[in-house]
Amino acid sequence: MPNHVHVCFQEKLGYPLPAVLQSWKGYTARVINLRLNRSGPVWSRDYFDRAVRSELQLRRTIHYIHGNPVKARLVEKPEDWRWSSAWRGRCRWVREEQEGASDGIRAG
């Protein structure tokens with residue numbers, strides 16, 4: 001997405017979410033600023049998080065993330081968004097849907 005990012009990951013013991021995000025935002029901001037030959041903030045200081053408590057909620061979350069570029073009309077299908085785990089069938093659930101093994105959960 002041009003103005004925000006969605007990430008779904010499992011927190012690892014000893015690596016609290018705020019520290020992970022601070023490290024990730026710092027690293028990516030340095031790289032983005034170097035490539036664009038600029039300086040200054042790239043990301044806002046805050047973030048929004050949500051705990052996933054079940055397999056179904058995880059699937060819905062991933063489908064929501066995959067559907068975001070489609071909803072924004074950046075691509076026609078989730079697997080067309082190059083920066084997504086849906087790209088070229090990298091996500092097992094997208095492959096299953098393409099093969100007709102859908103559980104009824106749809107992106108968007």
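The values are calculated or read from the model by the stated rules, or taken from the named source; none is laboratory data. Keep in mind that this is a model prediction, so the values were computed, not measured. Quick reminder, even Gly has a Cβ in these numbers, built from the backbone with ideal geometry, and neighbours come from all protein chains shown. For accessibility, only protein heavy atoms count, side chains too; no ligands or nucleic acids. Shrake-Rupley method; radii C 1.70, N 1.55, O 1.52, S 1.80 Å.
Against the list (1) surrounded by 10 or more Cβ atoms within 10 Å (Cβ to Cβ); (2) part of a helix (DSSP H, G or I); (3) modelled with pLDDT of 85 or more; (4) more than 14 Å from the chain's Cα centre (by Cα), the condition Trp93 fails is (3).
In the range 33-52, the residue that is most open to solvent (accessible area, probe 1.4 Å) out of those that are modelled with pLDDT of 95 or more and basic (Lys, Arg) is Arg35.
Each residue in the range 11-64 was checked for being aromatic (Phe, Trp, Tyr) and on the phi > 0 side of the Ramachandran plot, and 0 pass.
Only residues that are open to solvent by less than 100 Å² (accessible area, probe 1.4 Å), more than 28 Å from Pro78 (Cα to Cα) and not hydrophobic (A, V, I, L, M, F, W, C) were counted in the range 1-22, giving 3.
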